[in-house]
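Engineer: Before I ask anything, let me first share the structure, which is written out below as structure tokens.
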Amino acid sequence: MTVFPVRVPAPVMMLLAVATFAFMDAGLKALAGTYPAMQVAALRGAASLPFILVWVMATSGLRPLLRVRWPLHLLRGAIGIGMTASFAFALRTLPLTTGYSIYFVAPLLITALSVPVLGEKVGPRRWTAIAIGMVGMLVLLRPSGEGMFSWAALAVLLAATGYAVSAITVRVLARTDSNASMIVWLLVMLSIGAGALAWPNWVPLRAEHAWIIVGTGLAGAIGQYAITAAFRSGSASLLAPLEYTGLVWVVLLDVTIWGVLPDAITWLGAGIIVASGLYMLRRERVRAEDTHDDGPEGPPRIMR
């Protein structure tokens, strides 16, 4: 069963996913101004879970959810809690554009971690791209100014690192577990785990925030469906660069909702990171063509 009556091209689904994830993150930022970061993480998981369960029951059914490798799922759940809470904490003070720009180092970290964890080979050109991307991150952190000492900026970096580690676990889990199980159990653990940690400092929910909570959950669920559909039928090397279109959405959201326009340093740092990431993807495509391999399967988006 599919939500769309006609087959939608994979790039279009990827663009839809990136846009809806941007709106989801805007919802997280709106909630983070009122609620503790751990509570925001719990709300994010609980709000998306009903929508995701409806999608799973309409497609694969619940049976694939039971055949899973629990140790890795528990690890992903713990990482997901820390990752989402860190990102929500950062968005209390950082513009979405700055948060996204720092977060874009995650693909570079995934490539670096694939060497010791998965035994993959990374050539000198890709290591150079990783190093240049780290320079871009330092530009965003502003080592000569207040940025390096910003807990918010460091929290985004922590979230990006969690994303990278979680993505590595997905590449291992994808060999045996279904996409549905990886998505559902992450949301379950995020809801329960973050909810338990947030409970001592739980802030009563305000009625006027109900639409933001539901909208955030719906946006996250639509994004997860769209990106899963995109990677199911499209090439990872073709789709991955479209992730950077999220920067356009968060700039528009920052300007429209919060009246914030990125400064020159943010544009410079983001440009360096995006350029290094695109070069890395190009090298990955060349490597795949040289080895007559399609490259690694693109895993479902690790949710924030």
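The values are calculated or read from the model by the stated rules, or taken from the named source; none is laboratory data. Keep in mind that what you see is a predicted model, and the values were worked out from it rather than measured. No Cβ is skipped: glycine too gets one built from the backbone with ideal geometry, and neighbour counts run over all protein chains shown. Ligands, DNA and RNA are stripped out before the accessible areas are found, and what is left, the full protein with its side chains, is counted by its heavy atoms. Shrake-Rupley method; radii C 1.70, N 1.55, O 1.52, S 1.80 Å.
Engineer: Please label the shape of the stretch 73-159 as rounded, prolate or oblate, based on the square roots a ≥ b ≥ c of the eigenvalues of the alpha-carbon gyration tensor (a/c under 1.5 means rounded; beyond that, a/b larger than b/c means prolate, else oblate).
Structural biologist: It is oblate, given that a/c is not under 1.5 and a/b is not larger than b/c.
Engineer: Right, something else. Which helices, taking whole DSSP H runs in the chain, have alpha carbons extending 18 angstrom or more along the helix axis plus mean Kyte-Doolittle at least 0.0?
Structural biologist: 10-32, 37-58, 70-91, 124-141, 151-173, 179-198, 210-233, 264-290
Engineer: While we're looking at this one, here's another question. Computed over the Cα atoms of the stretch 39-192, what is the convex hull's projected area averaged over all directions, in nm²?
Structural biologist: Result: 10.2 nm².
Engineer: Calculated FRET efficiency, residue 113 and residue 208, Cβ-Cβ r, R0 41 Å, to nearest 0.05?
Structural biologist: Computed FRET efficiency for residue 113 and residue 208: 0.50.
Engineer: For the stretch 118-233, what does the alpha-carbon gyration tensor say about shape, rounded, prolate or oblate, given a ≥ b ≥ c as the root eigenvalues, a/c under 1.5 as rounded, and a/b over b/c as prolate?
Structural biologist: Verdict is oblate for the stretch 118-233.
Engineer: Something else now. Just check the stretch 207-251 against the gyration tensor rule for me: Cα atoms, a ≥ b ≥ c as the square roots of the eigenvalues, rounded for a/c under 1.5, and otherwise prolate or oblate depending on whether a/b exceeds b/c.
Structural biologist: In terms of gyration-tensor shape, oblate.
Engineer: Under a crude label model (7 Å from the Cα following the beta-carbon direction), how far is residue 176 from residue 69 in nanometres?
Structural biologist: With each label point 7 Å from Cα toward Cβ, the separation is 0.5 nm.
Engineer: Among the trypsin sites (Lys or Arg not before Pro) within the stretch 63-113, which fall in a DSSP loop and have no more than 10 other Cβ atoms within 10 Å of their own Cβ?
Structural biologist: For trypsin sites (Lys or Arg not before Pro) across the stretch 63-113 that sit outside H, G, I, E and B with at most 10 neighbouring Cβ atoms in 10 Å, the list reads 67.
Engineer: If a paramagnetic tag sat 7 Å from the Cα of residue 260 along the Cα-Cβ line, which residues of the stretch 33-52 would have the backbone N under 19 Å from that point?
Structural biologist: Residues passing the 19 Å test: 33-38, 40-41.
Engineer: Can I ask one more? Over the stretch 163-239, give the accessible area per residue in Å² for a 1.4 Å probe, as an integer.
Structural biologist: Result: 43 Å² of accessible area for each residue.
Engineer: Take 29, 121 and sort them by solvent-accessible surface of the protein heavy atoms, 1.4 Å probe, largest at the top.
Structural biologist: Sorted descending by solvent-accessible area, the residues read 121, 29.
Engineer: At 0.36 nm per residue, minus the direct Cα-Cα distance, what do residue 279 and residue 12 gain on full extension? Give it in nm, one decimal, please.
Structural biologist: 93.9 nm
Engineer: Report the Stokes-Einstein translational diffusion coefficient (µm² s⁻¹, integer) for the chain, Rh taken as the Kirkwood radius over Cα pairs, at 4 °C with viscosity 1.567 mPa s.
Structural biologist: 66 µm²/s
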